[in-house]
Amino acid sequence: MDIDWEGLIVGFESRSHRITHFFDRQTGDVEQVLERDAARHEAMSRDPRYLALPRDEGERSRGDLEEFLGRCEDAECRQDLRAALDSSEAAARYREALLRHPKEEARFFQFKEHQALERAQKWLSEMRIPFAKPQREM
């Protein structure tokens, strides 16, 4: 089966609770379904052909922000990111801090993509879905 790695990465990066990403066990495709499309959402949820990707439990938000902080190479950026995490609006402040440090911002998006790919591969293994790792890191 040809796995839709980009679709899986999008699904595993998503923090939305208004969209469910479903993995098609037959084709390897990933489909997005809006929660407000109740009939389609219910049909896919009941159909054993489809598996709903897991929802974010915080690892895709706060957890990734904290982990990236330890990987940040720029001392000034690291200081800004640490201050952002200590604020009441951590995610928004973190994003603002990254905007002031374009090199680290680019590294952060590569990091997030890598994290999503790792989560997707772990999930596929847990679901006992055979796969070959992508030829290149996404």
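The values are calculated or read from the model by the stated rules, or taken from the named source; none is laboratory data. Treat the numbers as computed from the prediction; the structure is a model and nothing was measured. Here the Cβ is made from the backbone with ideal geometry for all residues, glycine too, and neighbour counts use every protein chain on show. Heads up: the accessible areas ignore ligands, DNA and RNA and are worked out on the full protein's heavy atoms, side chains in. Shrake-Rupley method; radii C 1.70, N 1.55, O 1.52, S 1.80 Å.
For this structure, a couple of remarks:
- The stretch 5-22 residues near the modelled Gln135 label - backbone nitrogen below 16 Å, point 7 Å along Cα→Cβ: 5-6
- Straight-distance crosslink candidates among lysines, where the alpha carbon sits under 19 Å from Lys103 and sequence neighbours closer than 8 are dropped: Lys112
- Of the solvent-accessible surface of the chain, computed with a 1.4 Å probe and all protein chains present, 46% belongs to carbon and sulfur.
- Phi-derived couplings, Karplus 6.51 cos²θ - 1.76 cosθ + 1.60 at θ = phi - 60°, listed residue by residue for the stretch 96-102: 4, 5, 4, 4, 7, 9, x Hz, with x used for Gly and Pro.
- Shape of the stretch 12-63, Cα gyration tensor, a/c cut at 1.5: oblate
- Per residue, the solvent-accessible area of the chain (1.4 Å probe, heavy atoms of protein chains only, all protein chains present) comes to 61 Å².
- Diffusion constant of the stretch 94-138 at 37 °C, which comes from Stokes-Einstein with the Kirkwood Cα-pair radius and 0.692 mPa s, µm²/s: 270 µm²/s
- For the stretch 10-116, the convex hull spanned by the alpha carbon atoms encloses 108 Å³ per residue.
- Sites Ser45 and Asp2, calculated FRET efficiency, Cβ-Cβ separation with R0 22 Å, nearest 0.05: 0.40
- Estimated 222 nm signal from helices in the chain, with DSSP H stretches of n ≥ 4 weighted -39500 (n - 2.57), rounded to 500: -15500 deg cm²/dmol
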